[in-house]
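The values are calculated or read from the model by the stated rules, or taken from the named source; none is laboratory data. Computed from a predicted structure; not experimentally measured. In this analysis, Cβ positions are derived from the backbone assuming ideal geometry, glycine residues included, and neighbour counts consider all displayed protein chains.
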Amino acid sequence: DQQVKQNSPSLSVQEGRISILNCDYTNSMFDYFLWYKKYPAEGPTFLISISSIKDKNEDGRFTVFLNKSAKHLSLHIVPSQPGDSAVYFCAAGLAGAGSYQLTFGKGTKLSVIP
Amino acid sequence: DSGVTQTPKHLITATGQRVTLRCSPRSGDLSVYWYQQSLDQGLQFLIQYYNGEERAKGNILERFSAQQFPDLHSELNLSSLELGDSALYFCASSVAGRGVETQYFGPGTRLLVL
């Protein structure tokens, strides 16, 4: 049972336009969400996070939106740049019993076309 | 550079063998997490250690074990290796002070079992 789903395996966007990556989750107990970016042959790099008490968090060109009622979050990248081309993973956390493990989606490969 | 180091970068071995993967967390981080990423899969949480003690277990096989040493580095031991164990193994670390925290990932160890 996949608790965190990224239904789009890939996404292509023109440079300068907005990239929207989506993520759905099934466990309503998740209280912390993160986005990671991964380049080939490297480990995932932390991008941005959001707590379940918020519905939006912004950091430069990156904004994460959380819709708890729909169990949905999205990452917006504006404007998209060729260097943003990577695999993006959505992750959710459940801080229960002192365990801070993250559950990851399978990733969305973003290609930004110059 | 996340500050998390993993060795070796690549490992090729045969079925039935045993290997040890090593991880050094970021300076000051007390928690270490191990993840497995198989082909076309997201990152699967294996196990978490906090300050030398096991904190949480995920989908870790009985053939796999881990430990965290007093200097906080961690080792993941994989034994009786099977072809299906071929994957990327990532280590991540976090401060693990309060709540769910951002985890910082190492570059990974690519294991190939022949």
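General observations
- Single condition B:Gly84 does not satisfy, out of (1) more than 16 Å from A:Tyr100 (Cβ to Cβ); (2) surrounded by 20 or more Cβ atoms within 10 Å (Cβ to Cβ); (3) more than 14 Å from chain A (Cβ to nearest Cβ); (4) not acidic (Asp, Glu): (2)
- Segment A:1-19 residues that are among the aromatic types (Phe, Trp, Tyr), paired with ones that are assigned to a loop (DSSP other than H, G, I, E, B) (beta carbon under 6 Å, 6 or more apart): none
- The set of residues in segment A:65-114 being within 14 Å of chain B (Cβ to nearest Cβ) and of a type in the set (Lys, Arg) consists of A:Lys106, A:Lys109.
- Taking the criterion of being surrounded by fewer than 17 Cβ atoms within 10 Å (Cβ to Cβ) and charged (D, E, K, R), the residues of segment B:54-74 that qualify are B:Glu54, B:Lys57, B:Glu62, B:Arg63, B:Asp71.
- Test: B:Tyr49 is assigned to a strand (DSSP E or B) and at pLDDT below 95: yes
- Verdict on A:Pro40 being surrounded by fewer than 17 Cβ atoms within 10 Å (Cβ to Cβ), more than 10 Å from chain B (Cβ to nearest Cβ), free of Cβ contacts under 8 Å to residues at least 12 places away in the same chain and more than 13 Å from the chain's Cα centre (by Cα): yes
- Segment B:95-114, residues that are at pLDDT 90 or above and either closer than 12 Å to B:Gly3 by Cβ or in a loop (DSSP other than H, G, I, E, B) (or both): B:Tyr104, B:Phe105, B:Gly106, B:Pro107, B:Gly108, B:Leu114
- Any chance B:Phe64 is closer than 19 Å to B:Leu114 by Cα, aromatic (Phe, Trp, Tyr) and away from every other protein chain (no Cβ under 13 Å): yes
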